Amino acid sequence: MSRILTGVQSTGVPHLGNILGAMQPAINLSNDPNNEAFLFIADMHSLTTVHDAEVLREYTYGTAAAWLAFGYNTDKNVFYRQSDVPQVTELSWYLNCFTPFPMLANAHSFKDKSSRLSDVNAGLFTYPVLMAADILLYDADFVPVGKDQKQHMEITRDIATSINNKYGEVFVVPEPLLDEKVMIVPGVDGQKMSKSYNNFINIFLPEKKLRKQIMKIKTDAKSLEEVKDPNDSIIVDLYSLIASNDKTEELKDKFRAGNYGYGHAKQELFEMIMDTYKSEREQFDKFMNDKALLDDILAKGAKKASLVANETLARIRGKVGYKS
C-alpha cells in the first residue's frame, strides 16, 4: 500500500479552483484501496502570513469543513491539524541543521519576496524545511504537488538523501506526483483563480453573496442582442468545468444565437453551482455549526498521525546523538 500525503494551507476557505484542481483529485486518490492518505491542514505554514488568531482559527475550521463536506474518508485515512502534532517542529529543527543556507535562499517562496526583505519573516524563509518535515515525518511515498511546489519537493528529497547518506536509511525519500494536466480554473477576472488575486468563487457562501460574486465575472461590452463568442468567455469556461458536455453545448448555442445577455449566462452558472454542490454546501454548514465535532475529528486524526510521527522521531533522534 502506498502512503499519499497532502497538506493544504488554511489561508481561507477553499474556493472553486482549489476544489476542482486539488481537492477532488486528492480525494479520488485517497479512495483508491491501494492507497493510504495523510491529509493535514497546514495551519503552522499559514502563520507566516495570517497573524490574526481568530481569523486563523476560522480559516482552519473552514478548510476542515470543506474537505469533509466533499467526502474525505477519515475512517480509512488520516486527517489532522498540523499544529496538533508538534513533533513536526522538532523534526523541522533537525532538518534545518542539515539544510545549506543557499538552498533556502534560492527557494522561490523566499526569492519571490526577497526584493522586500522587511516583509520576509524567518518562518517564510524556512518554509521549505517545515514542508520537508511535514512529509518526512510520516514516511510518505508520494506527494501530489503542482508545478509551483516542485522545487520544494526537490528540496525535501535532497535533505532526506543527504541525511540518509550520512546516517543510513532514516527517511523514506518521497516521489512527487505531478499531474501535467492540472486543471486551470479561471477567476472572475480571467486570471488563474487565486486568493492572492482576490478573484475567486467561494461556493460555500450564502446564496445572495455567492450570486454577487458570480455577477462580478468580467465580460466585454456586447449588448444583449449581439452574437457572442463562447470560446472567449470566462462564464463558459467555468460552466464547462462543472456541467456535462451537453449542457455546455446548450450554453454555447445560446451565445452564438444572440438575444442572450451575459447576465443570463451568469445566472445559469450560479444555478449550476447551486445545483451541483447542493449537498456539499449543506454538509459544510453542518460542520461549521458544530466546531466541537470538527475538533473531535481532527483530534482523532492527530492521534493516528502521532503514532507514525513518534516512530520517525525515534529513528532520527538516535542517529544524531539524542536519546531515542
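The values are calculated or read from the model by the stated rules, or taken from the named source; none is laboratory data. Computed from a predicted structure; not experimentally measured. Here the Cβ positions follow ideal geometry from the backbone for every residue, glycine too, while neighbour counts run over all protein chains shown.
The single condition from (1) surrounded by fewer than 16 Cβ atoms within 10 Å (Cβ to Cβ); (2) aliphatic (A, V, I, L, M); (3) under 22 Å from the mean Cα position of the chain (by Cα) that Ala302 fails is (1). In the range 46-88, what count of residues is obtained for those that are closer than 20 Å to Phe284 by Cα and aliphatic (A, V, I, L, M)? Selection size over the range 46-88: 8.
Can you confirm whether the range 53-66 contains a residue that is outside any helix (DSSP H, G or I), charged (D, E, K, R) and at negative phi? No. Total residues in the range 202-217 satisfying the condition of being in a loop (DSSP other than H, G, I, E, B), farther than 17 Å from Glu280 by Cα and without any contact (Cβ under 8 Å) to a residue 12 or more places away in the chain: the figure is 0.
The single residue among Pro100, Pro128 that is farther than 17 Å from Pro176 by Cβ and in the same structural domain as Ser30 (by TED's automatic domain parsing) turns out to be Pro100. Could you list, in sequence order, all residues of the range 120-141 that are more than 17 Å from the chain's Cα centre (by Cα) and of a type in the set (Phe, Trp, Tyr)? Hits for the range 120-141 are Phe125, Tyr138.
Please find, among Val50, Val13, Val8, the residue that is surrounded by fewer than 20 Cβ atoms within 10 Å (Cβ to Cβ) and of a type in the set (A, V, I, L, M). After ruling out the rest, the residue left standing is Val50. For residues that are of a type outside the set (A, V, I, L, M, F, W, C), out of contact with any helix residue (DSSP H, G or I) (no Cβ under 6 Å at 6 or more places or on another chain) and surrounded by 16 or more Cβ atoms within 10 Å (Cβ to Cβ), scanning just the range 199-222, find the one that is farthest from Ile273 (Cα to Cα). In this case the residue turns out to be Asn199. The single condition among (1) modelled with pLDDT under 95; (2) in contact with a helix residue (DSSP H, G or I) (Cβ under 8 Å, 6 or more places away or on another chain); (3) not charged (D, E, K, R) that Ser196 does not satisfy is (2).
Within the range 251-289, being crowded, with 18+ Cβ neighbours inside 10 Å, under 24 Å from the mean Cα position of the chain (by Cα) and assigned to a loop (DSSP other than H, G, I, E, B) holds for one residue alone: Tyr277.
When Val120, Val85 are screened for being in contact with a Leu (Cβ under 9 Å, 6 or more places away or on another chain) and aliphatic (A, V, I, L, M), only Val85 passes.
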